[in-house]
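> Dropping the structure in here first, questions after.
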Amino acid sequence: MPRNTLKLAIALTVLAAPALSACGSSSAASDDKVVTVYSADGLKGENGDGWYDQVFKGFEKETGIKVKYVEGGSGEMVQRALREKNNPQADVLVTLPPFIQQADDKGLLQKYAPKGVDQVRGADKAADGTWTAVVNNYFGFVYNKKELAQAPTTWEELLQGSYKNKLQYSTPGVAGDGTAVLIKALHDFGGEKQAMDYLGKLQKNNVGPSASTGKLAPKVDKGELLVANGDVQMNFAQSKTMPNLGIWFPARAGGMPTTFALPYAAGLVTKAPHSENGRKLLDYMLGRTAQAQVSEIGGGFAARQDVQATDANAIALTKLMNGVEVFEPDWNTIGQNLTSYVDAWKSATGS
């Protein structure tokens, strides 16, 4: 089992953006008992039973600060924060790589070291102190256990005619997990050309674009799809109420299944309207109480190395990851080339 560990999650419906203050600096309304979070989906439960639900409730009870929550794809959240750069509305930004690096590169994050960040593995936090993982995760795929006698094992299997209009993955460049499809293909196929050649062939079976990865698992569970992309923490949690959902990791024909860590990373927004409240929330999210709830509530693992999960979910997830090769992407290179990778994908698939 690799040192990076997974985490929790759950699919959820996109919440409407709350009405926000027009103030654009941390000095304005600094005493307001509110903090606004822009986040990628996956950590909030559809029925109020996700990690975010528990953390926000505990934070509000402890501090009296109300959490306003806005959700979307990782790329969508970064673009929204970028549009508001001259008049920031969010205090805390949470996205998957490489979008958290992209936000940092665009000057959207300010330096802040939450309490406990020294217990986060070096690869899971920014060298310049602008972001840190708060929930670890792994990229994966899901399949329908009722319709398929066993999980697919290879990328090549997905080219079969039986998957036509029964396969879908979220949109690279928009969704974090969709972008992860590109990253894994680049690794598994050994380069951009080989990866794009494959994804071009796969397109004949692909239903089409999806801005949200979380919406795909319910379709797989119902049998509308046989296969879709996802991530371990979200899909593991979903499987508790979606009995037909199984998790798997594609391999090249004759090779080992692979995956990579895909943590939820959080940072304090530059010139956040409620910077002090944002700091308090980051401290709380990385605190031992909240980190201990990652596995228990969401079905994943903590970002802090000194919080060790031993519950039934942790044991099941460890078993799930047995025999899966974990590689570490070069996030700096991916961040620098993300636009060209997405353009190449569009060209290869006609999207």
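> So for region 16-31 (the condition being modelled with pLDDT of 50 or more and surrounded by fewer than 23 Cβ atoms within 10 Å (Cβ to Cβ)), does at least one residue qualify? Before you say what the answer is, go through the steps one by one.
So in region 16-31, the residues modelled with pLDDT of 50 or more come out as 31.
Going one step further and asking which of them are surrounded by fewer than 23 Cβ atoms within 10 Å (Cβ to Cβ), we end up with 31.
So far as region 16-31 goes, yes, one or more of its residues are modelled with pLDDT of 50 or more and surrounded by fewer than 23 Cβ atoms within 10 Å (Cβ to Cβ).
> In region 200-234, what count of residues is obtained for those that are surrounded by fewer than 21 Cβ atoms within 10 Å (Cβ to Cβ) and assigned to a strand (DSSP E or B)?
Within region 200-234, residues that are surrounded by fewer than 21 Cβ atoms within 10 Å (Cβ to Cβ) and assigned to a strand (DSSP E or B) number 1.
> Something else: Does region 123-135 contain any residue that is modelled with pLDDT under 95, closer than 23 Å to VAL232 by Cβ, among the aliphatic types (A, V, I, L, M) and within 13 Å of the chain's Cα centre (by Cα)?
Yes, the conditions are met somewhere in region 123-135.
> Any idea which of (1) of a type outside the set (D, E, K, R); (2) out of contact with any Pro (no Cβ under 9 Å at 6 or more places or on another chain); (3) touching a residue at least 24 places away in the same chain (Cβ under 8 Å) is the one GLY335 doesn't satisfy?
Among (1) of a type outside the set (D, E, K, R); (2) out of contact with any Pro (no Cβ under 9 Å at 6 or more places or on another chain); (3) touching a residue at least 24 places away in the same chain (Cβ under 8 Å), GLY335 violates only (2).
> Still on this structure: Please find, within region 136-152, the residue that is nearest to the chain's Cα centre (by Cα) out of those that are part of a loop (DSSP other than H, G, I, E, B) and among the small types (Gly, Ala, Ser).
Looking only at region 136-152, we keep the residues that are part of a loop (DSSP other than H, G, I, E, B), and these are 136-137, 145-152.
Now narrow it down to the ones that are among the small types (Gly, Ala, Ser): 149, 151.
Values: ALA149: 29, ALA151: 23 Å.
Among residues in region 136-152 that are part of a loop (DSSP other than H, G, I, E, B) and among the small types (Gly, Ala, Ser), the one nearest to the chain's Cα centre (by Cα) is ALA151.
> Let me ask another. Can you name the condition, by its number, that PRO250 falls short on among (1) crowded, with 24+ Cβ neighbours inside 10 Å; (2) modelled with pLDDT under 90; (3) in the same structural domain as THR213 (by TED's automatic domain parsing); (4) not aliphatic (A, V, I, L, M)?
So PRO250 meets the others, but not (2).
> Can you pull out every residue in region 94-132 that is among the hydrophobic types (A, V, I, L, M, F, W, C) and within 18 Å of THR179 (Cα to Cα)?
Quick first cut of region 94-132, residues among the hydrophobic types (A, V, I, L, M, F, W, C) only: 94, 96, 99-100, 103, 108-109, 113, 117, 120, 123, 126-127, 131.
If the condition is that a residue be among the hydrophobic types (A, V, I, L, M, F, W, C) and within 18 Å of THR179 (Cα to Cα), then VAL94, LEU96, PHE99, ILE100, ALA103 are the ones that fit.
> OK, next. Check TYR38, TYR52 and return the single one that is aromatic (Phe, Trp, Tyr), in a helix (DSSP H, G or I), at pLDDT 50 or above and crowded, with 23+ Cβ neighbours inside 10 Å. Give the steps one after another, and end with the answer.
On the way: TYR38 fails: in a helix (DSSP H, G or I).
Exactly one residue qualifies, and that residue is TYR52.
> What residue, among those in region 294-332 that are at pLDDT 90 or above and among the polar types (S, T, N, Q), is farthest from TRP248 (Cα to Cα)?
Checked region 294-332; the qualifying residue farthest from TRP248 (Cα to Cα) is GLN305.
> Condition first: under 30 Å from MET242 (Cβ atoms), surrounded by fewer than 22 Cβ atoms within 10 Å (Cβ to Cβ) and out of contact with any Phe, Trp or Tyr (no Cβ under 6 Å at 6 or more places or on another chain). Can you find one or more residues in region 80-99 that meet it?
Yes, there is a match, as at least one residue in region 80-99 is under 30 Å from MET242 (Cβ atoms), surrounded by fewer than 22 Cβ atoms within 10 Å (Cβ to Cβ) and out of contact with any Phe, Trp or Tyr (no Cβ under 6 Å at 6 or more places or on another chain).
> Can you tell me which residues in region 240-288 are more than 20 Å from LEU158 (Cβ to Cβ) and part of a strand (DSSP E or B)?
If the condition is that a residue be more than 20 Å from LEU158 (Cβ to Cβ) and part of a strand (DSSP E or B), then ALA261, TYR264, ALA265, ALA266, GLY267, LEU268, VAL269 are the ones that fit.
One line per residue, one yes/no per condition, for (1) under 28 Å from THR171 (Cα atoms); (2) assigned by TED's automatic domain parsing to the domain that holds LYS115:
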{"residue": "ALA266", "(1), (2)": "yes, yes"}
{"residue": "LYS271", "(1), (2)": "no, yes"}
{"residue": "GLU296", "(1), (2)": "no, yes"}
{"residue": "ALA302", "(1), (2)": "yes, yes"}
{"residue": "ASP306", "(1), (2)": "no, yes"}
{"residue": "GLN336", "(1), (2)": "yes, no"}
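> While we're looking at this one, here's another question. Name the residue that is nearest to THR333 (Cα to Cα), counting only residues in region 95-108 that are over 18 Å from the mean Cα position of the chain (by Cα) and in contact (Cβ under 8 Å) with a residue 60 or more places away in the chain.
Taking region 95-108 and keeping what is over 18 Å from the mean Cα position of the chain (by Cα), we get 105-108.
Retained after the next criterion (residues that are in contact (Cβ under 8 Å) with a residue 60 or more places away in the chain): 105, 107-108.
On the way: ASP105: 13, GLY107: 18, LEU108: 19 Å.
Among residues in region 95-108 that are over 18 Å from the mean Cα position of the chain (by Cα) and in contact (Cβ under 8 Å) with a residue 60 or more places away in the chain, the one nearest to THR333 (Cα to Cα) is ASP105.
> Before we move on, is VAL342 surrounded by 14 or more Cβ atoms within 10 Å (Cβ to Cβ), in contact with a Gly (Cβ under 6 Å, 6 or more places away or on another chain) and not aromatic (Phe, Trp, Tyr)?
Values: surrounded by 14 or more Cβ atoms within 10 Å (Cβ to Cβ): yes; in contact with a Gly (Cβ under 6 Å, 6 or more places away or on another chain): yes; not aromatic (Phe, Trp, Tyr): yes.
Here the answer is yes, as VAL342 does meet what is asked.
> Does VAL294 qualify as being within 20 Å of TYR38 (Cα to Cα) and of a type outside the set (Gly, Ala, Ser)?
Working: within 20 Å of TYR38 (Cα to Cα): yes; of a type outside the set (Gly, Ala, Ser): yes.
When the stated conditions are applied, VAL294 passes them.
> For the condition in a helix (DSSP H, G or I), of a type in the set (Gly, Ala, Ser) and either free of Cβ contacts under 8 Å to residues at least 60 places away in the same chain or in contact with a strand residue (DSSP E or B) (Cβ under 9 Å, 6 or more places away or on another chain) (or both), what is the one hit in ALA237, ALA314, ALA309?
Working: ALA237 fails: either free of Cβ contacts under 8 Å to residues at least 60 places away in the same chain or in contact with a strand residue (DSSP E or B) (Cβ under 9 Å, 6 or more places away or on another chain) (or both); ALA309 fails: in a helix (DSSP H, G or I).
Going through ALA237, ALA314, ALA309 in turn, the sole match is ALA314.
The values are calculated or read from the model by the stated rules, or taken from the named source; none is laboratory data. Remember, predicted model here, so these are calculated numbers, not experimental data. Ideal geometry is used to build each Cβ from the backbone, glycine not excepted, and the neighbour counts take in all protein chains shown.
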